[in-house]
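Here is the structure we will look at.
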Amino acid sequence: MMGRVLMIFLSLCVLSVVEGLYFHIGETERKCFIEEIPDETMVTANYKLQLYDPRTGGYMPSNAGLGMHVEVKDPEDNMLLSRVYSSEGRFTFTSHTPGEHVICLFSNSTKWFSGSMLRVHFDIQVGEHAIDYASMAQKEKLTELQLRVRQLLDQVDQITKEQNYQRYREERFRQTSESTSRQVLWWAVGQVVVLLAMGWWQMRHLRKFFEAKKLV
Amino acid sequence: MERGWLVVLLGVVCWCAGAAGVELTFELPDNAKECFYEEIEKGTASSLEFQVVTGGHYDVDVVLEGPSRQILYREIKQQYGQFQFTPETTGTYQVCFSNEFSTFSHKLIYVDFQVGDEPQLPGVGEHFTAMTQMESSSQKIHEDLNSVIDYQTHHRLREAQSRKRAEDLNERVLFWAVGETLGILVITVGQVMVLKNFFADKKGNQASY
């Protein structure tokens, strides 16, 4: 009996957790978020879509069959995920290349303009924050300490991946700076050369011109 | 078995008790204002952190308002800021970022809104006895690793900012150099042509300069 009550309470709680951060967008608007992540990193997002109800002046769960279109693009602009989900749920993806991933959310409304306001509850977790330790403990029957060690391993794994990614980014940064430095040098030399060449051409051209005019 | 379930349930319930934190990076177009809302229970220690990663003069207006629209934190044209607060009333708190002062630069903004403490691992915190050495050491390691991850995030944001500035500079150097070379060519040829024009034979006039 107690177990049942707790179960019901638990399920209510789980539903209310998605009520985290939220923002408003128009029905036809898109909202994009950028996640700069290393490769092989899992990203999980929970979301909930609510439609503005002018009768009550509040936001009600959409019963018009409004879905959430989710688009995820990787740093090379390839579409990693492009699906229409129901108005409440979660989606997951794993990055395969390091870099800026763009996650865009918009409703699959068929309206062409305006429409009403939508309230989107959004909770995105990256890397080791995305792992559900409660269910892992349950499934694999781990003790507290084992679970803690697993958590520490996941954290260290994420730190290592991030450091590797950092090394790759720093190299790109260094190459850009060196390229700028080289360019500035070559352009400075080049422009002096161009100036000298044009000056010489000018003198030669004018001298020929004046000689033709019999002024020199 | 029964106790196992109870432990998991308690863990999830504790997880539900208003502990949430989200980090977002989004683009704020010019002349735009974006707001994020969160329902916070009173007494839940929360923190807000933001940083402008790219765009214009790397500044943004931030306003954090409480349920009765009272301003808890406000910054004008700041690049980076951090604010910790413990709400005294339960309600909807909103944080708004404004780029309305900018006419054409859109900004990339990172925001980290943490509400409550990090959820504990299931099973931890329900002890009636003190934690063993092993457990407290592992907890300490976990907290230290959390700081490492936090420092890494800050480092990544600063590095992204510098890198984008450097890439911008690289592009601009190329444009400037090409532009200036063209300028030199146009001016030198133009000079010669204008000079020749001064000495040109006008109809009926004798060139006597």
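Any read-out appearing in this document is the output of simple, stated calculations on the displayed coordinates, not a laboratory observation. Quantities reported herein were computed from a predicted structural model and do not represent experimental measurements. As a convention, Cβ positions derive from the backbone with ideal geometry for all residues, glycine included, and neighbour counts pool all protein chains shown.
Counting Cβ atoms of other protein chains within 10 Å of each residue's Cβ and taking the mean over peptide A:36-46 gives 1. Taking a point 7 Å from the Cα of B:D201 along the Cα-to-Cβ direction, the residues of region A:193-214 with backbone N closer than 17 Å to it are A:209-214. Using R0 = 45 Å, the C-beta based FRET efficiency linking B:R165 and B:T89 works out to 0.60. In a Debye calculation with equal point scatterers on the alpha-carbon sites of region B:4-119 and no solvent, what is log10 I(q)/I(0) at q = 0.14, 0.16, 0.18, 0.19 Å⁻¹? Once normalised to I(0) and log-transformed, intensities are -0.60, -0.74, -0.88, -0.95. Across chain A, Cα-Cα pairs farther apart than 23 Å form 67% of the total. Placing +1 on each Lys and Arg Cβ and -1 on each Asp and Glu Cβ, with no other charges, gives region B:4-119 a dipole about its Cα centre of roughly 140 debye.
Computed log10 I(q)/I(0) for the protein assembly as shown at 0.10, 0.11 Å⁻¹: -0.82, -0.95, from the Debye equation with unit scatterers placed on every C-alpha and solvent omitted.
With both labels modelled 7 Å from their Cα along Cα-to-Cβ, the B:E100 to B:E41 distance reads 3.5 nm.
Couplings 3J(HN,Hα) for region A:43-53, derived from phi with the Karplus relation 6.51 cos²θ - 1.76 cosθ + 1.60 (θ = phi - 60°), are 10, 10, 10, 9, 9, 8, 10, 10, 9, 5, 10 Hz, where x marks Gly and Pro.
Can you give the FRET efficiency to the nearest 0.05 for B:Q120 and A:Y85, using r as the Cβ-Cβ distance and R₀ = 25 Å? So the FRET efficiency works out to roughly 0.25.
Largest GNM mean-square fluctuation across A:A130, A:A45, A:A197, computed for chain A with C-alpha springs under 10 Å, falls on A:A197. The modelled label-to-label distance for the pair B:I141/A:E76, using points 7 Å beyond Cα in the direction of Cβ, is 3.7 nm.
The distance linking region A:43-91 with region A:140-216 is 40 Å (Cα centroid to Cα centroid, whole angstrom). Among A:F23, A:F113, B:F199, the order by Cβ neighbours within 10 angstrom, fewest to most, reads A:F113, B:F199, A:F23. Taking GluC sites (Glu not before Pro) across region A:63-123, the ones in a DSSP loop with at most 16 further Cβ atoms lying within 10 angstrom of their Cβ are A:E76. For chain A, a crude dipole built from +1 on the beta carbon of Lys and Arg and -1 on the beta carbon of Asp and Glu, taken about the Cα centre, is about 1200 debye to the nearest 20. When the Gaussian network model of chain A links Cα atoms closer than 10 Å, the mean-square fluctuations of A:K73, A:K139, A:K111 top out at A:K139.
For A:L153 and A:W200, the FRET efficiency from 1/(1 + (r/R0)^6), where r spans their Cβ atoms and R0 equals 45 Å, is about 0.05. Annotation: amide H-H contacts under 5 Å for B:A32 (H modelled 1.01 Å from N, sequence separation of 5 or more, or interchain): B:N99, B:E100. Among the listed pairs A:K73/B:K164; A:K73/A:K141; A:K48/B:K42; A:K73/A:K111; A:K31/B:K140, give every one whose C-alpha distance is greater than 29 Å. Too far apart for the 29 Å limit: A:K73/A:K141; A:K31/B:K140. For region A:43-136, the Cα gyration tensor yields ellipsoid semi-axes of 28, 18, 10 Å (square root of five times each eigenvalue, largest first, whole Å).
Averaged over the residues of peptide A:125-132, the number of Cβ atoms from other protein chains lying within 10 Å of each residue's Cβ is 2. Summarise the long-distance tail of P(r) for region B:81-179 by giving the % of C-alpha pairs beyond 21 Å. Considering region B:81-179, 64 percent of its Cα-Cα pairs are separated by more than 21 Å. Approximating the spin labels as points 7 Å out from Cα along Cα→Cβ, the B:L182-to-A:C32 distance works out to 2.9 nm.
Partner shielding of A:97-108 amounts to 1, given as the average count of beta-carbon atoms from other chains within 10 Å of each residue beta-carbon.
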